[in-house]
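Input: a single structure, listed below in structure tokens.
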Amino acid sequence: MQTDQTLEFNFDGLVGPTHNYAGLAPGNLASQSNKARASSPRAAALQGLAKMDRLRALGVPQAVLPPQERPNVVLLRRLGFAGSDEVVLASALREAPHLLAAAGSSSSMWAANAATVCPSADAADGRVHFTPANLATSLHRTSETATTAAILQAVFDDPAYFVHHTPLPGMADFGDEGAANHTRFCSTFGEPAVQLFVYGRNDFAGLSRRPQRFPARQSRQACEAVARLHQLAPDRTLFALQHPDAIDAGVFHNDVIAVGHRDVLLCHETAFADQPQTLDALRCATSGRLRTAVAPANRISLGDAVSSYLFNSQIVTRPDGGNVLVAPAECEQHPVVAALIAEWVNDGILGGVEFVDVHQSMRNGGGPACLRLRVVLTPDEQRAVAPGVILDDHLSSRLAGWIERHYRDHLEPADLADPDLLCECREALDELTRILGLVNLYEFQGGDTKSLIPMSNQER
Ligand code: SUG
């Protein structure tokens, strides 16, 4: 039984009404291969909600983060398109469809990239620290940051418990993709933990081994800055370089090739550049309590790891203390991957497995773990969270009805210029803010996200 009342919540990004496949992410093979395919925003959002409900059924605390307003007309105006919203959208479609695509992405659904979050047990000042990710590698993702900061501020509002840092400078040297490259190891959630930050580029050190095909998104400088901001203990904070071959095989975030939770780490043999040293350092920092399972490359190729998204599974803790792997349904269809999972269950490193269908998100390179931001909260901190975002049966059925009412079943890239879609999106978000009890979150409601890159509570 879990006696510790400190719990890990999964905050999942609700899929937005413009979910589409625009091929916006180089190095993300699914995004590239599904470019221009028709999407179903409604199916995507319902699949995400069904995953959250599966976790709740396992006894895992679950909450939601609202999507962002898209198409992002404010961004298009900033890029020089003028006139009414309708004219801005039509001109962007005609003159720069790639900018319309960036402005139309529902990419904030991948909440693992929203921010890096460190629990109060790990920070010297005893508060929960948030740094919104700058997502500096791409336009569609970096334009999430200001609204993400505003949303996190609204949900975790009490400065007695929560510290919100300013996103790092938006440049490649400080490229920061948030929690997708950050893992916390512990025995119980409430104890001080070991934190692992994984990066793919180290611009000030001149790495000898760099990926050749695809960009490395996360920088070492960003990891170090976040660790400093979050007041982490240096002897419990590790930094590891991603294997460049992994990045070149489509591992654009570490959570595509490794997953850790409490005292368990599952990873591919080619996850880290200096894998034996990295695993030794982790075992040492966790006083030998870490249990690892490494998938050998001669059994599962990097290609299989990426196409099945095995390591983008979530590992969650049930109330009885046992863990469960929440894996993409694609893993069940993959005989070698399915056999490996069964071995991990037989060996006892996993207490069980659940397969979930998130294939609408998977087609953009977003598996179960991409869709959630883990936030460890003590009982007092739990009470300080905006109550309307915590998922229960009532909220889940309201959200299902809301999705059915507002979301299209079919969307093609050119539909992003349809002014009706913008209206539908605003109507949907307006209703959602009432459902979640969050007011004036979006610019169309009078919220001002431009000024909402928050000052750190310490800096105020
Ligand atoms: O940043 N895909 C996202 C997927 C993010 C997955 N997150 C984690 N691994 N944690 C990305 O590459 C594709 C959008 C498009 O092509 O339409 C995209 O942005």
Quickly rank 144-150, 40-46 as a protection proxy: mean count of other C-beta atoms within 10 Å, highest first. 144-150, 40-46
per DSSP, antiparallel bridges as share of beta bridges in the chain, % nearest 5, sits at 55
Report the one residue of Leu432, Ile300, Thr145 whose Cα lies farthest in the direction of the positive end of the charge dipole of the chain (charges on C-beta: Lys and Arg +1, Asp and Glu -1; origin at the Cα centre). Ile300
Would you please put 32-39, 5-12 in order of how densely packed they are, using the mean number of other Cβ atoms within 10 angstrom per residue and starting with the highest? 5-12, 32-39
Could you sort Met171, Met109 by their accessible area in this structure, using a 1.4 Å probe and putting the largest first? Met171, Met109
To the nearest 10 square angstrom, what accessible area does Val385 show with a 1.4 Å probe? 10
Residue-wise HN-Hα coupling along segment 394-399, computed from phi with Karplus coefficients 6.51, -1.76, 1.60 (Hz; x: Gly, Pro): 4, 5, 4, 6, 5, 5
Could you tell me whether segment 205-264 comes out rounded, prolate or oblate from its Cα gyration tensor? Rule is a ≥ b ≥ c as square roots of the eigenvalues, rounded for a/c under 1.5, then prolate if a/b exceeds b/c, otherwise oblate. oblate
In what sequence, highest mean first, do 272-283, 187-198 appear when ranked by Cβ atoms within 10 angstrom? 187-198, 272-283
Estimated dipole of segment 333-412 in Debye, rounded to 20 [Cβ of Lys and Arg +1, of Asp and Glu -1, Cα centre]: 280
Given the protein chains as shown and a 1.4 Å probe, how many square angstrom of Asp420 are accessible, to the nearest 10? 90
May I ask you to give the percent of accessible area on the chain that is carbon plus sulfur, with a probe radius of 1.4 Å? 52
With each run of n ≥ 4 DSSP H residues scored as -39500 (n - 2.57), what mean residue ellipticity at 222 nm is computed for the chain after dividing by its residue count and rounding to the nearest 500 deg cm²/dmol? -9500 deg cm²/dmol
Quick check: with the 1.4 Å probe, what order do His410, His268 take by accessible area, largest first? His410, His268
Among Val256, Phe214, Ala281, which residue has its Cα furthest toward the positive end of the charge dipole of segment 201-305, with +1 on Lys/Arg Cβ and -1 on Asp/Glu Cβ? Ala281
Under 5 Å, built H, 5+ apart or other chain: amide partners of Val356: Ala327, Ala329
How far is helix 145-155 tilted, in degrees, relative to the longest principal axis of the Cα atoms in the chain, given as a value from 0 to 90 rounded to the nearest 10? 70
Taking alpha-carbon centroids only, segment 150-218 lies from segment 242-266 a number of Å equal to 14
Nearest-20 debye value, the chain charge dipole, Cβ charges on Lys, Arg, Asp, Glu: 600
Among rounded, prolate and oblate, which fits the chain when a ≥ b ≥ c are the square roots of the eigenvalues of its C-alpha gyration tensor, a/c under 1.5 means rounded, and a/b larger than b/c means prolate? rounded
If amide H atoms are built 1.01 Å from N in the plane of the peptide, which residues on other chains or at least 5 residues away come under 5 Å of the amide H of His243? Phe272, Ala273
In Hz, Karplus ³J(HN,Hα) per residue of segment 347-357 (6.51, -1.76, 1.60; θ = phi - 60°; x = Gly, Pro): 6, x, 5, 10, x, x, 9, 10, 9, 10, 9
Taking only protein heavy atoms and a 1.4 Å probe, what accessible area per residue, in Å², does the chain have with all protein chains in place? 36
Using θ = phi - 60° and the Karplus relation 6.51 cos²θ - 1.76 cosθ + 1.60, list the HN-Hα couplings for segment 210-226 in order, rounded to whole Hz, with x at every Gly or Pro. 10, x, 9, 9, 10, x, 8, 8, 9, 9, 4, 4, 5, 4, 5, 5, 5
Going by the alpha-carbon gyration tensor, a ≥ b ≥ c the square roots of its eigenvalues, is segment 100-233 rounded (a/c under 1.5) or, if a/c is not under 1.5, prolate (a/b greater than b/c) versus oblate? oblate
Dipole magnitude of segment 277-327 about its Cα centre (Cβ charges: Lys, Arg +1; Asp, Glu -1), debye to nearest 20: 140
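The values are calculated or read from the model by the stated rules, or taken from the named source; none is laboratory data. Here the structure is a predicted model, which is why all the values come from computation and not from measurement. Here Cβ is always computed from backbone atoms with ideal geometry, including for glycine, and neighbour counts include all displayed protein chains. Calculation scope for accessible area: heavy atoms of the full protein, side chains included, ligands and nucleic acids excluded. Shrake-Rupley method; radii C 1.70, N 1.55, O 1.52, S 1.80 Å.
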